[in-house]
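A short write-up of the structure that comes next.
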Number of protein chains: 2
Amino acid sequence: MTPPSEATPAGRADRSDMRPAPATGMPVVERSSARKAQLVAAARHLLETEGVEAVTIRRLGAAVGMRGPSLYKHVPDKSAIEAAVAIEGLTELSEVVRGVPATFTDVSHAYRTWALAHPHLYRLLNKHPVDRSRVPPELEDRAADPLIVATGGDRDLARAAWATINGLIELELARRFPPDTDVDAVYSAAARAFDTARAD
Amino acid sequence: MTPPSEATPAGRADRSDMRPAPATGMPVVERSSARKAQLVAAARHLLETEGVEAVTIRRLGAAVGMRGPSLYKHVPDKSAIEAAVAIEGLTELSEVVRGVPATFTDVSHAYRTWALAHPHLYRLLNKHPVDRSRVPPELEDRAADPLIVATGGDRDLARAAWATINGLIELELARRFPPDTDVDAVYSAAARAFDTARAD
DNA sequence: ACTCCTAGCTAACAGTGATAGCCGATGTCG
DNA sequence: CGACATCGGCTATCACTGTTAGCTAGGAGT
């Protein structure tokens with residue numbers, strides 16, 4: 001499927017008029033990381049619209065107008081792109097809970113809404129250990145803070161709540177709930193559990 | 001890596017003395033499903049000892065003494081083997097909570113212990129929707145019952161507890177908890193939440 | 001004894017990530 | 001201005017994946 005994507009049939013010929021302003025004056029890292037950003041964006045688009053097995057080196061290349069192997073001129077390997085996409089997702093996810101009331105109900109609702117809007121991306125986040133060396137350390141903290149507040153400063157309870165939200169979302173995305181499940185009611189039940197635990 | 005596994009170098013030659021008693025008198029389905037059971041066992045062993053990317057059609061064939069493509073004489077495709085392994089895991093997991101006290105603490109501990117003993121298998125369970133047509137319907141019920149009891153009959157709360165346990169395990173297996181996390185304490189906090197919610 | 005089917009085999013295909021090596025264009029420097 | 005190095009494409013290729021096609025040895029049944 002998908003012929004070479006019409007991006008200059010063979011030979012490189014007229015590359016000059018399809019390059020989106022290579023900006024020859026920019027420092028090397030900038031030029032290169034512009035391409036990288038383009039790749040990450042394409043990877044994310046592919047992931048979100050067609051699922052994880054659609055994001056392939058060759059399709060990624062086609063999406064940015066090159067030939068697959070050429071990707072390796074910009075990126076060490078595929079996992080680097082995946083990691084970048086994951087970090088992007090993690091960043092957005094952490095921003096989604098900023099400004100919402102520090103309540104289990106509200107935080108879980110915010111997470112859930114985002115996850116249902118970006119299911120493939122969300123599942124990508126849960127696949128890898130999230131290599132803490134690459135992610136800005138304040139990111140996960142910022143995502144965790146509202147739950148810590150919601151649990152009255154109990155970090156263990158906050159982590160349990162985090163696990164619960166993650167578990168709820170994962171089960172819903174993987175369609176593991178029994179067909180008759182009222183997922184909203186399950187969220188409410190979880191909220192009850194964690195709200196009363198805080199009072200305790 | 002891994003030369004053809006020394007299972008009769010080339011040509012099929014002396015198959016007769018390596019076949020584990022083909023039992024020529026058995027009905028066809030029995031013979032075939034014996035091989036299938038052997039395959040599932042090999043797949044599980046490969047999965048548990050070397051992880052999911054090690055379970056490969058060719059390696060699976062080598063493990064049972066045949067050549068890869070020959071697997072398709074016994075099984076429609078790879079996913080069927082995966083599904084069978086998953087059902088096996090699900091069955092064991094459901095048996096693990098039989099007989100433990102119907103408490104969040106005990107149930108979650110039982111799940112966690114099993115999951116840590118079979119991490120790759122556990123993660124396999126969470127990957128697919130668990131195709132309910134293939135799994136005996138009483139299985140998931142039986143696994144769910146203790147939690148329903150533990151939550152005083154509140155099915156929604158039971159499902160929330162299930163999501164919590166799943167989430168806790170998944171986070172631990174994926175090493176997503178911050179390095180300083182006291183996982184036991186997180187379990188205790190979750191138990192507190194769900195125990196007090198039941199009283200509520 | 002003849003036939004048929006089971007269950008193995010090899011060869012091959014399309015697709016995966018990744019590497020090697022070629023080369024045109026570009027920017028830099030003597 | 002010309003030599004030259006680097007950058008960023010390309011093709012060919014590799015090892016590997018799941019899967020299909022087609023061959024055939026040998027046991028089972030008539």
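So the values come out like this:
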| quantity | calculated |
| --- | --- |
| Violating pairs (Cα-Cα greater than 18 angstrom) within the set B:36/B:127; A:127/B:127; A:78/B:78; A:78/A:127; B:36/B:73 | B:36/B:127; A:78/B:78 |
| Net dipole in debye of the stretch B:85-200 [+1 Lys, Arg Cβ; -1 Asp, Glu Cβ; about Cα centre; nearest 20] | 260 |
| The stretch A:96-141: trypsin sites (Lys or Arg not before Pro) in DSSP loop, at most 11 other beta carbons within 10 Å | A:98, A:134 |
| Loop-located GluC sites (Glu not before Pro) in the stretch A:47-79, at most 15 other Cβ atoms within 10 Å (DSSP) | none |
| Separation between Cα centres of the stretch A:60-129 and the stretch B:128-151, rounded to whole Å | 31 |
| Carbon/sulfur fraction of accessible area - the stretch A:84-199, other protein chains in place, 1.4 Å, % | 55 |
| Residue B:142-residue A:70 pseudo-label distance in nm [points 7 Å out on the Cα-to-Cβ vector] | 5.8 |
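The values are calculated or read from the model by the stated rules, or taken from the named source; none is laboratory data. Here the structure is a predicted model, which is why all the values come from computation and not from measurement. Because the Cβ atoms are built from the backbone with ideal geometry, glycine has one as well, and the counts that use them run over all protein chains shown. Please note that ligands, DNA and RNA were not included when accessible areas were found on the heavy atoms of the full protein model with its side chains. Shrake-Rupley method; radii C 1.70, N 1.55, O 1.52, S 1.80 Å.
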